[in-house]
Amino acid sequence: MPPPTLAEAKTRRLVALDALRAVAVLLVLGRHLPPVDRDPPPALAALFRHWQRLGWIGVDLFFVLSGFLVAGLLFAEHARHGRIRPLRFLARRGFKIYPGFYFLLGVTWLWAHRRVAGGRFLAEAFFVQNYVPGVWNHTWSLAIEEHFYLALTLLLWSSARGRDGPQAFRRLPGLCAILFALVLALRVRAFAPFPRGYLLLPTHFRVDALLFGALLSYGWTFHRGRLAALVYRFRWAIGGASVLLLLPCLLLPLEDNLTVNTIGLTANYLGFGGLVMLTVAATARGAARLERALRPLAPIGLFSYSIYLWHMPVALAVHLLDLRRFGWPAEVVVYLAGSLVVGIGAALAIEMPLLRFRDRIIPSPAVSSR
């Protein structure tokens, strides 16, 4: 089955995949909720505690989605044109990632450069803040994604040179299997002797989640008919297995936990991968009820990158404003609403105009081929 048309791809992304992105960013917002310790209703306090405890897995969902979508763009370009243009692709990704990120970094420098070492800003600027100390404690995931974008683009470009169709990437599943095992082994080797803290940051401990999304995208692009039929046939088994795979990281603590920080991270991307495939397969079959259920979340997912960028500055502002004197709801409400409002505002002011400019000067391969 050929890749979807541009209009189909946009519709499916807005309704299905953007809804999953919304789930991911809402989980992350929960991870960084202000402390709720001033006599909220017991049920609400329990909800907030659980949201904080398991919100970190939202990044794993982001990783699987990013791998699926970014690889899908590269596979679709090759399927349409018989080649991949890496510089063009990376330039288009740069328009998506860099303007909002460097604007945040610039604002941070204006506010804090006298209090923060310059080396931390350099680490952020060159996307190595997941290996050396940076300025913010949430941009480590952007560094991992940047490393992955570059590596994947070069890998698929080199694999595709002079080859047509799925045969250009026939070695990808085997390579992925080797890398999945290697990354898991690295996690076990690093964490087992001293199970303290958590292994969220370095690229070589987390890139397997993005790579699994890319592997799913390979199957979806080049073997869509068979894969969609298989997913639909075993949809209940895949759904149940996905939930079971996610349970360890939903139930066990992240910090100082060997299971969660080794095989648990593998189970996370397998579980989220199953949910991603169920979603895209159902959408491909025209599941109107699913689309209606997911549609309210889609706008949040559309702006999820900017919301993710700005939620920690909003959390810091809420802390500095000392809203606790107004009672616990003020902090939580201002943090959640502020993260959404500031993130969406930044997207509308920075991200979206520059994406429109990008599409004028560097049209997507899908547009240029029509």
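The values are calculated or read from the model by the stated rules, or taken from the named source; none is laboratory data. This one's a predicted model, so the numbers in the text were calculated from it and none came from an experiment. Cβ atoms come from the backbone with ideal geometry, glycine included; neighbour counts cover every protein chain shown. Note: areas computed on protein heavy atoms with side chains; ligands, DNA, RNA excluded. Shrake-Rupley method; radii C 1.70, N 1.55, O 1.52, S 1.80 Å.
For every residue, the table says whether it meets (1) assigned to a loop (DSSP other than H, G, I, E, B); (2) touching a His at 6+ places or on another chain (Cβ under 7 Å); (3) without any contact (Cβ under 8 Å) to a residue 12 or more places away in the chain.
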{"site": "Leu73", "(1), (2), (3)": "no, no, no"}
{"site": "Ile84", "(1), (2), (3)": "yes, yes, no"}
{"site": "Arg88", "(1), (2), (3)": "no, no, no"}
{"site": "Arg93", "(1), (2), (3)": "no, no, no"}
{"site": "Tyr98", "(1), (2), (3)": "no, no, yes"}
{"site": "Leu105", "(1), (2), (3)": "no, no, no"}
{"site": "Leu110", "(1), (2), (3)": "no, no, yes"}
{"site": "Val116", "(1), (2), (3)": "yes, no, no"}
{"site": "Arg120", "(1), (2), (3)": "no, no, no"}
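Suppose the filter is open to solvent by 60 Å² or more (accessible area, probe 1.4 Å) and over 29 Å from Leu47 (Cβ atoms); does Val188 pass it? Considered against the rule, which asks whether it is open to solvent by 60 Å² or more (accessible area, probe 1.4 Å) and over 29 Å from Leu47 (Cβ atoms), Val188 comes out as yes.
Filtered by the rule that a residue be in contact with an Asp or Glu (Cβ under 9 Å, 6 or more places away or on another chain) and either within 16 Å of Ala71 (Cβ to Cβ) or in contact (Cβ under 8 Å) with a residue 60 or more places away in the chain (or both), region 161-186 gives Cys176, Leu179, Phe180, Leu184. Pull up region 185-206, narrow it to residues that are under 23 Å from His138 (Cα atoms) and assigned to a helix (DSSP H, G or I), then point me to the one that is nearest to the chain's Cα centre (by Cα). Going through the qualifying residues, I end up with Arg206.
Kindly indicate whether Leu29 is closer than 23 Å to Leu278 by Cβ and either at pLDDT 85 or above or among the basic types (Lys, Arg) (or both).
It is false that Leu29 is closer than 23 Å to Leu278 by Cβ and either at pLDDT 85 or above or among the basic types (Lys, Arg) (or both).
Ile84 meets the conditions (1) buried (at least 16 other Cβ atoms within 10 Å of the Cβ); (2) under 19 Å from Leu309 (Cβ atoms) in every case but one. The failed one is (2). If I filter region 145-159 for residues that are in contact with a Lys or Arg (Cβ under 6 Å, 6 or more places away or on another chain) and under 22 Å from Gly72 (Cβ atoms), do I get at least one hit? Scanning region 145-159 turns up at least one residue that is in contact with a Lys or Arg (Cβ under 6 Å, 6 or more places away or on another chain) and under 22 Å from Gly72 (Cβ atoms).
Those helices (runs of 4 or more DSSP H) of region 248-349 in which at least 3 residues are open to solvent by 30 Å² or more (accessible area, probe 1.4 Å) and among the hydrophobic types (A, V, I, L, M, F, W, C), considering only elements entirely within it, cover 265-284, 288-294, 304-321, 328-346.
The C-beta contact set for region 342-364 (first residue under 15 Å from Tyr98 (Cβ atoms), second residue of a type in the set (Phe, Trp, Tyr), distance under 6 angstrom, 6+ apart or interchain) comprises Ala346/Trp310; Ala347/Phe303; Ile350/Phe103; Leu354/Phe95; Arg358/Phe95.
Residue by residue, here is whether (1) at pLDDT below 90; (2) in contact with a Phe, Trp or Tyr (Cβ under 8 Å, 6 or more places away or on another chain) holds:
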position	(1), (2)
Ala9	yes, no
Asp18	no, no
Pro35	yes, no
Ala43	yes, no
Gly72	no, yes
Phe75	no, yes
Ala79	yes, yes
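So is Tyr232 at pLDDT below 95, aromatic (Phe, Trp, Tyr) and assigned to a helix (DSSP H, G or I) or not? Yes; evaluated as a whole, the condition is true for this residue. For Val23, are the conditions met, namely being open to solvent by 20 Å² or more (accessible area, probe 1.4 Å), among the aliphatic types (A, V, I, L, M) and in a helix (DSSP H, G or I)? Considered against the rule, which asks whether it is open to solvent by 20 Å² or more (accessible area, probe 1.4 Å), among the aliphatic types (A, V, I, L, M) and in a helix (DSSP H, G or I), Val23 comes out as yes.
Say we look at region 221-238 and pick out the residues that are open to solvent by 20 Å² or more (accessible area, probe 1.4 Å) and touching a residue at least 12 places away in the same chain (Cβ under 8 Å); which of these is nearest to the chain's Cα centre (by Cα)? So the residue we want is Ile238. So, Ala143, is that one in contact with a His (Cβ under 6 Å, 6 or more places away or on another chain), open to solvent by less than 40 Å² (accessible area, probe 1.4 Å), among the hydrophobic types (A, V, I, L, M, F, W, C) and in contact (Cβ under 8 Å) with a residue 40 or more places away in the chain or not? It is false that Ala143 is in contact with a His (Cβ under 6 Å, 6 or more places away or on another chain), open to solvent by less than 40 Å² (accessible area, probe 1.4 Å), among the hydrophobic types (A, V, I, L, M, F, W, C) and in contact (Cβ under 8 Å) with a residue 40 or more places away in the chain.
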